[in-house]
Amino acid sequence: MRAPLLSIQTLAILLLLTLSLVTPGARAVTLKADAPDTYVVQPGDTLWSIAGRFLEDPWLWREVWRGNNLGDPNRIFPGDVLTLSVRNGRPSIGVDQGSEHRTAAGMRVVKLSPKVRVAALKEPVPTIPIASIAPFLTMPYVADTDRVRRAPYVVGFPDERIVAGVGDSVYVRRINDAVGQRFQILRPGDSLQDPETNETLGHLAVFVASAELQRAGDPAKLRVVRSEREVSIGDRVIPAALEEPLTNFFPRPAPAGMRGRILAVLNGVSQIGQYDVVVINKGTKDRVERGDVLEVYQGGGKARDQVRAGGSDFNWRDESPLSTEFWYGSDAKIFRWRSDPFPPAVEVRYPRPTYIQPYERSGVLMVFRTFDRVSFGLILEATRAMQIEDRVAAPRP
């Protein structure tokens, strides 16, 4: 009996289902040539560093965790044994169930014995090195020019002093909120200029202190409860930010086509390396979100061509007053003779003694805090020292 032919509607449905399983422009997961078959999680590891042992592109770590017995990637601990396998042609990483006794929910099962021991509980492995970004989650701060100008500011002190510290009170202009609200005291710093448009994207404000409102009004009275620097007249005051838990930082590729530049580095160094915090000229208005991963590139500038410039093959023995090179240089080319105006003269042109440096990848960063026009990013990988104004771009598909 001949099998019934599939209808056009059935074929269309099957085609749509097939296409829905393919992500357009998705980057294929590539294992490193020296990827281990097993790895024992060590104290200080992160999901990013572990993925970097197995994958060429660590930001694709979710692809290898998907569909295996690990479940929640935040539930791996130092001492766990991770195993690499290939399923249906795709790499997969999971926890060797023989290395730990776990429940179906992923919780550890601890066997009690009559002997009493005191030991610290192991913390789950974080996604990225949290300690590197913790000081920057609520400070410093980026504000646009108008907000800096309109923000309440420290106008004086109850006592005869010129600065204030922890436990001291300060007077601030124009705060009419309820008593007990928390505030941050900031000091306006350098403006952030877009190197491509020369537009001011905001002002990088330095964290000074935390304070609580004692009395609303104009001036209001605040008490300093935490201080990184002494509070001075003119410091700006904004409501304290409430950040989301750190567990929400999951690296993922930035939107395709995203391009930007590094504007500043927050630790005061001139060269940028691993785990430095940088500011880029893209923010929420550009669809940038926390967790977005971008690659850093160097290049695009002019470099001196020593051969064309004549600096690498000069030989004084070959020089003669009868040669063009003697008068115009070794790289000169006679373009034409011109007789107007008189007297006749030779017009010499020189080959361009520069070339454009190709772009080369120098690192990887992940955005962890966003503002309207700019964002903070953590350098997760650095193959060479990076500089301010280096370019950033979404990973290539």
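Side notes on the structure shown:
- Selection status of VAL155, in the same structural domain as ARG229 (by TED's automatic domain parsing) and either in a helix (DSSP H, G or I) or under 30 Å from TYR275 (Cβ atoms) (or both): no
- Test result for GLU212, over 28 Å from the mean Cα position of the chain (by Cα) and part of a loop (DSSP other than H, G, I, E, B): no
- The single condition among (1) at pLDDT 90 or above; (2) in a strand (DSSP E or B); (3) touching a helix residue (DSSP H, G or I) at 6+ places or on another chain (Cβ under 7 Å); (4) not aromatic (Phe, Trp, Tyr) that LEU294 does not meet is (3).
The values are calculated or read from the model by the stated rules, or taken from the named source; none is laboratory data. Since the structure is predicted, the reported quantities are computational estimates derived from the model, not experimental observations. Methodologically, a virtual Cβ is constructed for each residue, glycine included, from the backbone with ideal geometry; neighbour enumeration extends over all protein chains shown.
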